[in-house]
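In what follows, a single structure is set out as structure tokens and then discussed.
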2 protein chains.
Amino acid sequence: MREDAATGGGLSTGDRLLSVIEVLGSQDGAGVTEVADQLEIAKSTAHAHLRTLYDRGYIVKRDGTYHLGLRFLQLGQAAKQPWDEYSFIEEKVEELADESEIRAQFLAPEHDEAVYVYRSTGRHSVPTDSRVGVRIPMHSVAAGKAMLAQFPGDRVDALIDRHGLPARTDETITDRAELDAALERIRERGYAINEGESWEGVRAVGAPVLTPDGDVFGGLSVSGSPHRVDPEGLADLVMGAANEIKLEFQYE
Amino acid sequence: MREDAATGGGLSTGDRLLSVIEVLGSQDGAGVTEVADQLEIAKSTAHAHLRTLYDRGYIVKRDGTYHLGLRFLQLGQAAKQPWDEYSFIEEKVEELADESEIRAQFLAPEHDEAVYVYRSTGRHSVPTDSRVGVRIPMHSVAAGKAMLAQFPGDRVDALIDRHGLPARTDETITDRAELDAALERIRERGYAINEGESWEGVRAVGAPVLTPDGDVFGGLSVSGSPHRVDPEGLADLVMGAANEIKLEFQYE
DNA sequence: CATAAACGTTCGGAAATGTCGAACAGAGTA
DNA sequence: TACTCTGTTCGACATTTCCGAACGTTTATG
């Protein structure tokens, strides 16, 4: 289920460099030995990779260990730019959070996973939501299921071949037939519900965001503890916001 | 003034991979041929690098060209985490923007450059400021000069050896003696002024943010068009905020 | 305080792999 | 139809990366 780098015609050295980056990103701070151990490579090899990243200014030495540098912040902003271009997306997320008084988020599909792009808690204006940038299996979140339901069948097949249906809680859908039934219901209703399928005790309501051409652009959702999330009441709000985004595309 | 990659014991392949990433980040969208041309490498080589990045999910194909993927957004968040840890930094920036009614920003020193980490316009709550993540020569901005003034002399020497004193406008300080004099004045007053040294017609007032140990942690500044930026009046505000951050460190 | 352990660093050699150029296929254009 | 522009694949050479061992330094430990 995981590509073995060099197997696919890729560059194994570049591949390893990316692994080093991931090691540094998945924890805060690592030394040469730690990187070497985690990737099962020689210390001298890890050292060479770290030196490459350091000389280029991509990583930083702090408290004696290496950390990802702010150059990645710049790359992250560049990666997000296509969405920032359409400023109404983020605005709609904040609007949604204000009106629903719970968290609202916009996720984009990428490489068959869902990625948090915008997130808001409403008036609280919580600074820097830590979940932005996080990738999550599409079948385990409301916005993701809403997107999945719009994909053609063969794309869903390919997605499951690549990633499977990993469980995140006891409630996560792990069975293909069950998923198909769920997607069918979502298409009928126009919105998706997540009942603790990603985090215990978190309910969410999501809808797909489509372009005027009918392509899947992303997914919107609101989420919170079950007693604050009334699916019936919120569905219209979320679908309405998704539709408004779709309409905005035409006048941009 | 630019390191020539392989010269320093780094891995030339990994180095090239980073160059490919930078090409994609510095413009929106590039094809195989375009990347190859810009880096002056064979098309097949560029193809191999792009494939490596693609297989790993770091880049995306959209409209027939490659773009940076949202995985960089995740890495960017991870890189920013050390600052998010101290939530009062971002809060102070927003406070500063509210009180001054102009832009406020926090910059961190990294690899001898200044990097925008937080930025706020006050109540407008402008979504996604595009300048976050941007790197800029320290001597050309107020917060950067404020930090420079706190560095020991040999660190300033090393910095200038590496980056020089590039001009961004006609007003940018490009002479070492002039810089030294400016830094001395900054130390005396406790704050720095930027008079169109980075952007024509933009004035800024900045102060260094120190840790309780006296280390330079970053720089705060407010900026706007000259008639809205009164240095005398704003200096206390900025220095006060910088000092409050320093104090917060002790109770965290 | 001395010793040990752990870390980061450097170095050469053998093996693996990245790079190139040419050739192929496909899309778009004249 | 022919042309030009893409992106892609392939093989062969030469360059590189990688490893392991050894070194110098720092941090723990007795």
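Please give the per residue accessible area of the stretch A:18-159, computed with a probe of 1.4 Å over protein heavy atoms only, in Å².
38
Compute for chains A and B the buried accessible surface, both sides summed, probe 1.4 Å, and express it in Å² to the nearest 100.
5200
Considering only protein heavy atoms and a 1.4 Å probe, what is the carbon-and-sulfur percentage of the accessible area of the stretch A:75-250?
Carbon and sulfur together cover 43 percent of it.
Is the protein assembly as shown best put as rounded, prolate or oblate by its Cα gyration tensor, with a ≥ b ≥ c the root eigenvalues, rounded for a/c under 1.5, and otherwise prolate when a/b is larger than b/c, oblate when not?
oblate
Across the stretch B:5-69, what fraction of all alpha-carbon pairs, as a whole percent, falls in each successive 10 Å bin from zero upward?
P(r) for the stretch B:5-69, in whole percents per bin: 23, 57, 18, 2.
Classify the stretch B:78-250 as rounded, prolate or oblate from the Cα gyration tensor: take a ≥ b ≥ c as the square roots of its eigenvalues, call it rounded if a/c is under 1.5, otherwise prolate when a/b beats b/c and oblate if not.
rounded
Counting Lys and Arg as +1 and Asp and Glu as -1, what is the net charge of the other residues whose Cβ lies under 12 Å from the Cβ of A:Arg62?
Taking every other residue near A:Arg62 into account, the sum is -3.
Quick check for the protein assembly as shown: number of Lys pairs with alpha-carbon distance under 15 Å, counting only pairs 8 or more apart or on different chains?
So the count works out to 4.
Shielding by partners for B:82-89, please: the mean number of other protein chain Cβ atoms within 10 Å of each residue's Cβ.
Mean partner shielding for this stretch: 2.
If you take each beta carbon of peptide A:133-144 and count the beta carbons of other chains within 10 angstrom, what is the mean?
Shielding by partners across A:133-144 averages 2.
Label the stretch B:1-148 by shape, choosing from rounded, prolate and oblate, from the square roots a ≥ b ≥ c of the eigenvalues of the Cα gyration tensor; if a/c is under 1.5 it is rounded, and otherwise prolate applies when a/b is larger than b/c, oblate when it is not.
Prolate.
Tell me, what % of the accessible area of the stretch A:5-69 is carbon and sulfur with a 1.4 angstrom probe?
44
Which angle between 0 and 90 degrees, to the nearest 10, do you get for helix A:12-25 versus the longest principal axis of chain A when only C-alpha atoms count?
The two axes meet at around 70 degrees.
Whose Cβ in chain B comes nearest the axis that rotates B onto A, and by how many Å?
B:Gly76, 1
Using a 10 angstrom cutoff on alpha carbons, build the Gaussian network for chain B and name the most mobile of B:Val32, B:Val222, B:Val93.
Judging by the Gaussian network model, the answer is B:Val32.
What number, in percent, do you get for the relative contact order of the stretch A:5-69 if the mean sequence gap of Cα pairs under 8 Å and at least 6 apart is divided by its residue count?
Worked out over the stretch A:5-69, it gives 29 percent.
Using only Cα atoms, tell me the angle between helix B:87-100 and the longest principal axis of chain B; keep it within 0 to 90° and round to the nearest 10.
Once rounded, one gets 60 degrees.
Express the relative contact order of the stretch B:78-250 as a whole percentage, based on alpha carbon pairs under 8 Å and six or more residues apart in sequence.
22
Just add up the charged neighbours of A:Ala97: K/R +1, D/E -1, any other residue whose Cβ is under 14 Å from the Cβ of A:Ala97.
Combined, the nearby Lys, Arg, Asp and Glu give -2.
As I understand it, the value is the acute angle between the Cα axis of helix B:71-84 and the longest principal axis of the Cα atoms of chain B; what does it come to in degrees, rounded to 10?
Once rounded, one gets 20 degrees.
The values are calculated or read from the model by the stated rules, or taken from the named source; none is laboratory data. Predicted, not measured: the structure shown is a model, and the values here were computed from it. Counting neighbours? That spans all protein chains shown, and the Cβs are built from the backbone with ideal geometry, glycine included. Side chains are part of the model used for accessible areas, which takes the heavy atoms of the whole protein and leaves out ligands, DNA and RNA. Shrake-Rupley method; radii C 1.70, N 1.55, O 1.52, S 1.80 Å.
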